[in-house]
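I have placed the structure first, in the form of structure tokens, so that the comments after it can refer back to it.
The values are calculated or read from the model by the stated rules, or taken from the named source; none is laboratory data. What you are looking at is a predicted structure, and each value in this text was computed from that prediction instead of being measured. Cβ sites come from the backbone with ideal geometry, for glycine too, and all protein chains shown count toward neighbours.
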Amino acid sequence: MAELDFERTLVDLFAEPPAVLGAEDFVRGVEARLERGWTMRRWLIGGLPLVILFFTAGVIFAYLLLLPNAMSFLLGFGSQDIINNILLSKYISFVTTFLLMVGLVFELPPVMFMLAKLGVVSAKRMAGFRRYAIVLIVIIAAIITPTPDPFNQMAVAIPMYILYELGILFARFA
């Protein structure tokens, strides 16, 4: 069972960049909105290093900062009478899912840039949506973090807000 969860998560991790290229079929109808003769395929392939960079940064951030704090909280939860028996399959599933989720959250700036480039949203509109975005970011951070402590929730929410602002900055250049 642990092998299947681990293999499935590895497939998810490595299938993400090709999935970005597969998005070409979805956005082919708005290709005419792109300026300077760039095709959607060029934008997706050109943005792939940025997507991989942000995803990798998210995984590294989760692995180095969030995961140790979450594990120390979860393993320290309880009393002297309770013994933590952790199954390897559950641990691997938890860690890989957690890393995948935080990695996907770090995809926010490239996604916002592409949406602005396609004319779906504008930087001005996203900036006006900032108050609602903060509430949404805190809710998403509460869902992503496995622990109820506010430190881990804010350790996810603050970078998400920074990524949102970075996405607005990217959208200004779209």
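If the condition is being closer than 15 Å to Pro159 by Cβ and either among the charged types (D, E, K, R) or in a loop (DSSP other than H, G, I, E, B) (or both), then the range 103-134 contributes Phe106, Glu107. Scoring Ile139 on the criteria (1) farther than 25 Å from Ala62 by Cβ; (2) within 20 Å of the chain's Cα centre (by Cα) leaves a single failure, condition (1). Figure legend. Inter-residue proximity from the range 51-79: first residues within 30 Å of Met114 (Cα to Cα), second residues assigned to a loop (DSSP other than H, G, I, E, B) and of a type outside the set (Asp, Glu), beta-carbon distance below 7 Å, spacing 6+ or different chains. Indicated pairs: Phe54/Phe106; Phe55/Phe106; Ala57/Phe106; Gly58/Phe106.
Here Phe151 passes the criteria (1) farther than 21 Å from Phe54 by Cα; (2) of a type outside the set (Lys, Arg); (3) surrounded by 14 or more Cβ atoms within 10 Å (Cβ to Cβ) except the one numbered (3).
Listed by first and then second residue, the pairs with beta-carbon distance under 8 Å, at least 6 apart or on different chains, first residue in the range 115-130 and at positive phi, second surrounded by fewer than 17 Cβ atoms within 10 Å (Cβ to Cβ), are Gly119/Val30; Gly119/Arg33. Of the residues Ala57, Ala62, which single one is aliphatic (A, V, I, L, M) and either at pLDDT below 85 or under 24 Å from Gly46 (Cβ atoms) (or both)? Only one candidate passes the filter, namely Ala57.
Exactly one residue out of Leu99, Leu75, Leu65 is under 30 Å from Arg172 (Cβ atoms) and not in a loop (DSSP other than H, G, I, E, B): that is Leu65.
In the range 131-151, the residues that are under 24 Å from Val95 (Cα atoms) and without any contact (Cβ under 8 Å) to a residue 40 or more places away in the chain reach residues that are surrounded by 13 or more Cβ atoms within 10 Å (Cβ to Cβ) and of a type in the set (Gly, Ala, Ser) with C-beta atoms within less than 7 angstrom, at least six apart or across chains, in these pairs: Ile137/Ala157; Val138/Ala157; Ala141/Ala157. All of (1) out of contact with any Ser or Thr (no Cβ under 7 Å at 6 or more places or on another chain); (2) modelled with pLDDT under 85; (3) surrounded by 12 or more Cβ atoms within 10 Å (Cβ to Cβ) hold for Ser93 with one exception: (2).
Being modelled with pLDDT under 85 and basic (Lys, Arg): is that true of Lys124 here? No, not satisfied. Just checking, does the range 70-81 include any residue being modelled with pLDDT under 75 and of a type in the set (S, T, N, Q)? Scanning the range 70-81, I find at least one residue that is modelled with pLDDT under 75 and of a type in the set (S, T, N, Q), so the answer is yes.
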